[in-house]
Amino acid sequence: MIKLTGLTKRYGAKTAVDGLTVEITPGRVTGFLGPNGAGKSTTMRLILGLDRPTAGRALVNGKQYAEHRYPMHEIGGLLDATAVHPRRSARNHLLAMAATHRIPADRVDEVLNAVGLTDVAGRLAGTFSLGMSQRLGIAGALLGDPHVLMLDEPVNGLDPDGVRWIRTFLREFADQGRTVFVSSHLMSEMEQTADRLVVIGRGKLISDTEMGALLTGSSVRVRGPELARLAAALAGQELHWKSETELIVSGLSAEQVGDIAYQAGVRLHELRPVETSLEQAYMELTAESVEYTEPTR
Amino acid sequence: MNALRRVWISEWIKLRSVRSTWWAVGGAVLAMVVAAALNGTSTATEMAAEAAPPGSTTYVSLAISAVNFVQFIVPVPAMLLITSEYASRSITFSLQCVPARTRLLLGKAGIVAAFGFALGTLLGVVGVAVGVPALGEYGHFVAGDTVRSVLAIGLYCGMISMVALGVGTFTRSSAATVSLLFLVLLVASTLLGGLGEAMGWDWLVTISAYFPNIAGETFITGSDQPYSPVIGLLTLSGWAAAALLAGLAALKTRDA
């Protein structure tokens, strides 16, 4: 469980994170979305105590990160998988991390195996591909067998195999009742991985919703042979004709449209809520908070 | 204490698991061998020309004079133990493992001090071992002095390793650290001392005597000039403490 309360970080005049209040709960995958420069990485750095918040608090399992005696048993964080000494072997990198928590070398070999790096454990980390580095980073995050896993852009630069591996991995981790907090700018990836979405823009919380609620827009697709009569009954609503037999109704739920059709005695062949794609929903949510805009020509 | 011990183990793994550490050890030993051999043979030649009596100098004096060269290699691993973490950004992993920043720096300091001491002592022994054949009959042992000087070289190397770690933590940059060390360990005392003498400013001459290289010389050689070995050791400890405190202040107050 991660709890942010009024979390704020300013760098000089620039406010990177602005009064963020949100709870990341166990048992599911929470996606963390936002345009570039929205403050996702800064938020994660604050959670791990790497940066000091200007105001507010970030608590991991009830305590600030640095207050934990054995923080790696609480939360496994991965901010930048390539931030490894390039001249140190993967195994030695993990051994040095493990030693700080008196985690035995057996556990190092175990996590190396879990992420599929056993065969290259002796290779220098600098020779790793981005995908291998991500796996090494996740191995490090898993060392302490933590209850919370927090990953910044873990699918960045991965091949389709690696992406699927991470997706399955996060799902299994959350299904064990643990907390997963994962940022990404790949909306399609989030759509398949996350149960819940926290969206920020310019450091502020834009939306904190279940994935389903975000994807279900407030419009309804109706098909039927007598739509003209339905349209009359829906007078005053925003209607959008797709064809003579297909109509999009905005501002009403499927239940409401169904009831109105029933009262008007209109036969329907199809009635269903229109799901917006996450990408579309995300664009609408963040349209006003993108840091950089396309250059005008 | 237990927590600190775990950091020592972790930092020792980091120190020994990169090749640059062992390049530095090899380089320092090589520098010691070459410096002691050259100095020893030329001293022996001079003494032969002057018909000096046998045993005019000590074997350990060769090791001592070579410290001037090896002191720029010995602290490199200590510096890299922190600056390479900033260069590769792996400092984020270190702070995730050890969020208590004072403990992290104390862990690193303990390891570089021990490593510097061990390497310095080894270099002293190597210097004496090379000195015996190089000086031949013109050298001699004063048993207590030899051991004392060799250990003093180790102590000096441990101290300047801590200085390097502190400066590296403060600057976060290898280039800046090397430049500053060069300035503090070699240039400053000579430059300020020379300037002070030329201008007749005695106070500047006094100040120039308190740089780490001069302070180290007093307790390595056991000389009473310009002050006692104890003052020398205290002065050097002051440098190490000041550098580590500056590094700690930066580590604690600045974002990683």
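Observations on the structure shown:
- Residue (of B:THR45, B:ILE220, B:ALA134) at the positive-pole extreme of chain B, dipole from beta-carbon charges: B:ILE220
- Charge dipole (debye, nearest 20) of the protein assembly as shown; +1 at Cβ of Lys and Arg, -1 at Cβ of Asp and Glu: 660
- Simple label model, 7 Å out from Cα along Cβ direction - A:THR118 to B:GLU137, nm: 6.9
- Based on Cα contacts under 8 Å between residues 6+ apart, chain B shows a relative contact order of 23 percent.
- Charge dipole of chain A (Cα centre as origin; +1 on each Lys and Arg Cβ, -1 on each Asp and Glu Cβ, all else neutral): 1060 debye, rounded to the nearest 20.
- For segment A:214-280, fraction of C-alpha pairs farther apart than 19 Å, in %: 23
- With the highest mean first, a sort of the peptides B:48-61, B:2-15 on other beta-carbon atoms found within 10 angstrom per residue produces B:2-15, B:48-61.
- Distance between modelled label sites at A:SER129 and A:ARG10, nm, 7 Å Cα→Cβ extension: 4.6
- For residues of A:70-83, the mean tally of beta carbons on other chains within 10 Å: 3
- Magnitude of the charge dipole for segment B:2-253, about its Cα centre and with charges confined to Cβ atoms of Lys, Arg (+1) and Asp, Glu (-1), is about 1600 debye.
- The fraction of Cα-Cα pairs per 10 angstrom bin, counted from 0 for segment A:30-86, comes to 20, 49, 29, 3 percent, rounded to whole percents.
- Working note: Cα gyration tensor of chain B, eigenvalues times five, square-rooted, sorted largest first, giving semi-axes of 35, 22, 15 Å.
- Pairs from the table (A:LYS9/B:LYS252; A:LYS3/A:LYS204; A:LYS40/B:LYS108; B:LYS14/B:LYS252; A:LYS40/B:LYS14) lying more than 20 angstrom apart at Cα are A:LYS40/B:LYS108; B:LYS14/B:LYS252; A:LYS40/B:LYS14.
- For chain A: relative contact order, % (alpha-carbon pairs under 8 angstrom, 6 or more apart): 22
- With a 10 Å cut-off around each Cβ of B:82-91, the average count of Cβ atoms from other chains is 4.
- Rounded Å value of the spacing that divides the Cα centres of segment A:120-185 and segment B:1-73: 45
- Cβ-based net charge around A:VAL60, under 14 Å, with every Lys or Arg adding one and every Asp or Glu removing one: +3
- Rotationally averaged projected area of segment B:38-172 (alpha carbon convex hull; nm²): 9.1
- Taking the convex hull of the alpha carbon positions in chain A and averaging its projected area over all directions gives 20.5 nm².
- Think of the protein assembly as shown as having a plus end and a minus end, set by charges on the Cβ of Lys, Arg, Asp and Glu; of A:ALA38, A:LEU214, A:GLY76, A:GLY76 sits farthest toward the positive end of this dipole.
- Kirkwood's formula applied to the C-alpha pairs of segment B:18-105 gives a hydrodynamic radius of 16.1 angstrom.
- With the simple model of a label 7 Å out from the Cα in the direction of the Cβ, B:SER20 to A:THR245 spans 7.3 nm.
- Sorted largest first, extent of the protein assembly as shown alpha carbons per principal axis (Å): 128, 54, 47
- Folded to 0 to 90 degrees: helix B:143-171 orientation relative to chain B principal axis, Cα: 30
- The A:ASN36 and A:ASP208 beta-carbon pair, evaluated with R₀ = 22 Å, returns a calculated FRET efficiency of approximately 0.65.
- For A:47-53, mean number of other protein chain Cβ atoms within 10 Å: 4
- Cβ crowding within 10 Å averaged over residues, with B:186-199, A:28-41, A:48-61, B:74-87 ranked highest first: B:74-87, A:28-41, A:48-61, B:186-199
Computed from the coordinates by the stated procedures, all read-outs in this text should not be read as laboratory data. As the structure is a prediction and not an experimental result, all values here were calculated from the model. Here Cβ is always computed from backbone atoms with ideal geometry, including for glycine, and neighbour counts include all displayed protein chains.
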